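Here the structure comes first, spelled out in structure tokens, and everything after it is commentary.
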Amino acid sequence: MEKELLTDLYEKMLLTRRFEERVVELFKQGMIPGAVHLGIGHEAFSVGAIAPLRKDDYLLISHRGFGHSIAKGIPPGRILAEYMGKATGCSRGLGGAHLADRTVGIAGVSGCQGGNHVIAPGLALASKMKGTDQVTACVFGDGTSNRGTFLEGINLAALWKLPVVFLCENNRYGFSVPIRRAMVNEDIADRAPSLGLPGVVVDGNDVIAVYEATDKAVERARSGEGPTLIEGKTYRWRGHTEWDPGTAYRDPQEVEEWKGKCPIKRMQRRLLEEKFIDSEGIEAMEREVTRQVEEAVQFAMNSKAPRPEDLESHIVYYDI
Amino acid sequence: MRTITFREAIREALIEEMEADSRVFIMGEDIGVYGGARGVTRGLVEKFGEERVRDTPLSETAIIGGGMGAALAGMRPVCELMLMGFTAVCFDEIQNLAGKWPFIHGEPQFKVPMVIRGPFGAGPGGVEPHAQCPEAFFMHCPGLIVVLPSTPHDAKGLLKTAIRDEHTVLFFEHERLYGTEGPVPEGTYALPFGKAEIRRKGKDVTVVATAYMVFQALTAAQGLAEKGIDLEVIDPRTLVPLDEETILESIHKTGRLIIVHEAYERGGSGAEIAAMVCEKGFHDLRAPILRLGAPNYPIPYSPALKKHYFPGAEGIESAVQKLLKD
């Protein structure tokens with residue numbers, strides 16, 4: 001793979017990590033009123049699986065969607081402003097975790113888990129009927145793989161050969177319940193062939209592997225060959241939300257082991273080995289990412305809260 | 001004017017809108033070669049092809065979720081549910097997703113112009129949950145339009161408006177109305193939402209009735225006319241939006257209101273209409289408001305039981321007489 005692509009993937013992962021670390025602080029300071037679900041530890045998947053998409057491809061993300069939103073192109077400041085309930089938020093402070101931005105193809109977040117599975121084939125059907133070559137990507141976790149919509153949505157996409165890429169971020173826990181207590185399958189991707197689409201398992205902490213698998217699936221979808229399910233095995237370092245310390249149901253040693261598999265450090269080693277970047281370059285990138293995060297924080301902090309009169313133009317649709 | 005059936009009127013609306021707008025397509029179970037469980041889409045797959053008349057697997061959440069996704073991406077899907085009672089299976093997709101999506105993602109980024117249509121109510125053999133009338137559930141949900149046509153004329157005109165509207169529309173077609181005939185003009189027309197029709201003018205008691213109950217009310221009105229009692233029968237046609245003005249004006253004249261629907265009485269559309277009248281027309285009332293609905297237990301299968309279960313013309317007549325006596 002090319003140097004530019006690899007360094008770009010690394011920078012996006014780093015930005016996501018530093019952004020989410022900053023979110024932890026802001027949450028502790030009481031700046032974020034709603035639930036915060038962090039994907040620290042997931043960056044290889046949230047960046048690697050989104051990077052192959054075009055700006056006009058559709059993306060449905062989950063509640064743990066900071067990384068994917070940043071990777072798809074919502075400005076971090078607007079993401080943070082949304083979580084802080086500001087008028088400048090990407091969903092105008094009306095949705096919180098419901099991040100969306102039509103200009104970069106992010107079509108939203110289903111509140112009840114599993115809604116994305118059935119909306120995705122619809123977005124893809126529209127692209128197919130209109131004759132565009134847009135692809136729809138649908139992100140969900142291991143827990144959501146047990147919703148009935150998983151079957152209905154994926155079956156429909158396979159049946160109609162719709163351009164969808166189902167992206168399963170398997171972090172081994174549905175909130176507190178480990179995957180072995182939620183399903184018999186070792187691999188969620190195993191469910192795909194029975195529905196008539198390829199299921200691919202990748203190391204979800206290896207951004208290159210995730211990128212390559214997704215890129216292939218996106219091209220397959222774009223060329224009209226139908227959907228693919230990609231399962232990335234990863235691990236969430238923090239609790240389910242920031243209200244959950246994540247300790248009641250996990251062995252601390254397990255968490256430490258996974259921290260040892262940090263996707264960002266892994267990529268950094270690779271870049272240094274390949275001499276795509278030197279330690280000065282790494283430091284410069286760190287400074288740049290920190291600058292971007294601080295810029296986002298300043299933007300969100302300085303943004304105004306929506307006023308009730310701002311709501312008027314949004315509720316016209318509901319005035320029926 | 002020519003006369004066509006309710007079923008044909010709906011089909012005509014679909015054909016006209018599909019011809020006029022390439023974004024319009026229909027999907028649902030058995031709507032292709034079979035022509036839909038109630039025969040509404042008969043002949044459409046031959047006319048428009050499988051791309052725009054899509055038979056789906058038995059997957060209600062994927063039909064509605066899929067319709068919603070297509071609507072978000074600029075299409076105008078009309079989703080047929082084999083029975084509107086099946087909305088229970090895809091309630092999340094309808095009320096949490098389609099209804100709320102535009103708001104929670106910063107409207108007006110994402111509107112959901114989708115029609116969900118299908119049969120509801122009890123035919124002679126109707127049984128739970130197939131025969132139920134779930135319209136009131138959707139009146140409670142932000143962002144959804146609720147349409148209950150009672151005549152072929154209204155079914156056609158309102159469905160055309162529904163397909164052109166930017167909201168998700170729940171379009172309820174009563175089982176007993178598909179075969180009924182009525183005058184429908186040849187040319188194209190659309191009817192506005194939120195405009196009630198006064199089916200019979202009268203001065204003594206206002207009856208607000210929906211769908212099949214409109215005809216029960218009209219039958220009752222005939223019987224009562226012989227006794228010198230003059231009913232005004234109002235068909236709201238759409239429950240969301242509701243034509244409050246027509247109802248309030250009528251009550252200003254009659255001072256008495258009975259609301260009749262086939263749905264269970266408790267928490268039904270009648271409760272909302274009664275509350276609205278109490279808030280806005282209280283001083284015009286000369287008697288308590290009465291609601292007539294199905295009892296608050298499930299619909300029995302046996303026709304022998306069913307005929308006592310639903311409100312009908314006789315029940316409306318005795319309710320009116322009781323109201324006037326008190």
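Laid out as a table, the results:
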quantity: Residues within the stretch B:76-99 that are of a type outside the set (A, V, I, L, M, F, W, C) and either within 8 Å of another protein chain (Cβ to nearest Cβ) or more than 24 Å from the chain's Cα centre (by Cα) (or both), tallied; calculated: 4
quantity: Test: B:Ile63 is closer than 15 Å to B:Leu239 by Cβ and buried (at least 24 other Cβ atoms within 10 Å of the Cβ); calculated: no
quantity: Residue match in the stretch B:212-234 (condition: closer than 22 Å to B:Leu144 by Cα and assigned to a loop (DSSP other than H, G, I, E, B)); calculated: no
quantity: Verdict on B:Pro311 being surrounded by fewer than 21 Cβ atoms within 10 Å (Cβ to Cβ), out of contact with any Cys (no Cβ under 6 Å at 6 or more places or on another chain) and part of a loop (DSSP other than H, G, I, E, B); calculated: no
quantity: Cross-chain or 6+ apart pairs with Cβ under 6 Å, the stretch A:110-126 first and without any contact (Cβ under 8 Å) to a residue 12 or more places away in the chain, then hydrophobic (A, V, I, L, M, F, W, C); calculated: A:Gly122/B:Met68; A:Gly122/B:Ala70; A:Ala126/B:Ala70; A:Ala126/B:Ala73; A:Ala126/B:Met75
quantity: Members of the stretch B:161-174 that are in a helix (DSSP H, G or I) and surrounded by fewer than 23 Cβ atoms within 10 Å (Cβ to Cβ); calculated: B:Thr161, B:Arg164
quantity: Complete set of residues in the stretch A:99-156 that are in a strand (DSSP E or B) and either surrounded by fewer than 24 Cβ atoms within 10 Å (Cβ to Cβ) or more than 8 Å from chain B (Cβ to nearest Cβ) (or both); calculated: A:Asp101, A:Ile106, A:Ala137, A:Cys138, A:Val139, A:Phe140, A:Gly141
quantity: Residue count for the stretch A:157-166, restricted to those that are in contact (Cβ under 8 Å) with a residue 40 or more places away in the chain and either within 23 Å of A:Val184 (Cα to Cα) or not in a loop (DSSP other than H, G, I, E, B) (or both); calculated: 5
quantity: Contacts under 6 angstrom Cβ, first residue in the stretch B:52-75 being more than 7 Å from chain A (Cβ to nearest Cβ), partner surrounded by 24 or more Cβ atoms within 10 Å (Cβ to Cβ) and among the charged types (D, E, K, R), 6 or more apart; calculated: B:Ile64/B:Glu93
quantity: Tally, over the stretch A:19-43, of residues that are of a type in the set (D, E, K, R) and surrounded by 19 or more Cβ atoms within 10 Å (Cβ to Cβ); calculated: 2
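Here, each number is a calculation from the coordinates, and none is a lab measurement. Only a predicted model underlies this, so the values are computations on that prediction, with no experimental measurement involved. Quick reminder, even Gly has a Cβ in these numbers, built from the backbone with ideal geometry, and neighbours come from all protein chains shown.
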